[in-house]
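Working notes for the structure below.
Coordinate-derived values only; no laboratory data. Just so we're clear, the structure is a prediction, and the values are computed from it rather than from any experiment. All Cβ positions, even for glycine, are placed from backbone atoms using ideal geometry, and neighbour counts span all protein chains on display.
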Amino acid sequence: MNLHATITTEGDSNTLQRLFTPELEGFDKKRSTVTLKKEKNTLTFVVTAADSVALRSTLTGITKLLTVYEKTLTLGDANDSRNTRKDQSTRKD
C-alpha cells in the first residue's frame, strides 16, 4: 500500500529549499520519497511511503528540521530586538 502526505509551508521558500535540498540528497529512498515543489512564497513537501512507519518517520524528519528553522528565526528576532535596545540605551543624543 502506498501512502501520501503533503506539507505546505508559507514564507521564505528560497531559504527552506536551500535548507532541505542537502537533507533530501542523502535521504534513503527505499521506503519513502520526498519531492519539493516551490511556488512563489510556498514550499510543498510531497511524501510517498510504502508503509505507515516509513511515512511517520519521514514526516518526523521534516517537521524536526522545520522546528529548528523556526527556532533560529525566533532567536534571530530576539537578538535583533536586544541589539536595538542596546543601541538605543548607549546612544548619546
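Okay, here's what the table says:
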quantity	calculated
Packing-based order for 69-75, 9-15, using average beta carbon neighbours within 10 Å, highest first	9-15, 69-75
Estimated vicinal HN-Hα couplings, Hz - segment 35-40 in sequence order (Karplus 6.51, -1.76, 1.60; Gly, Pro = x)	10, 9, 10, 10, 9, 6
Label-point separation, Thr8 to Leu65 (7 Å along Cα→Cβ), nm	2.1 nm
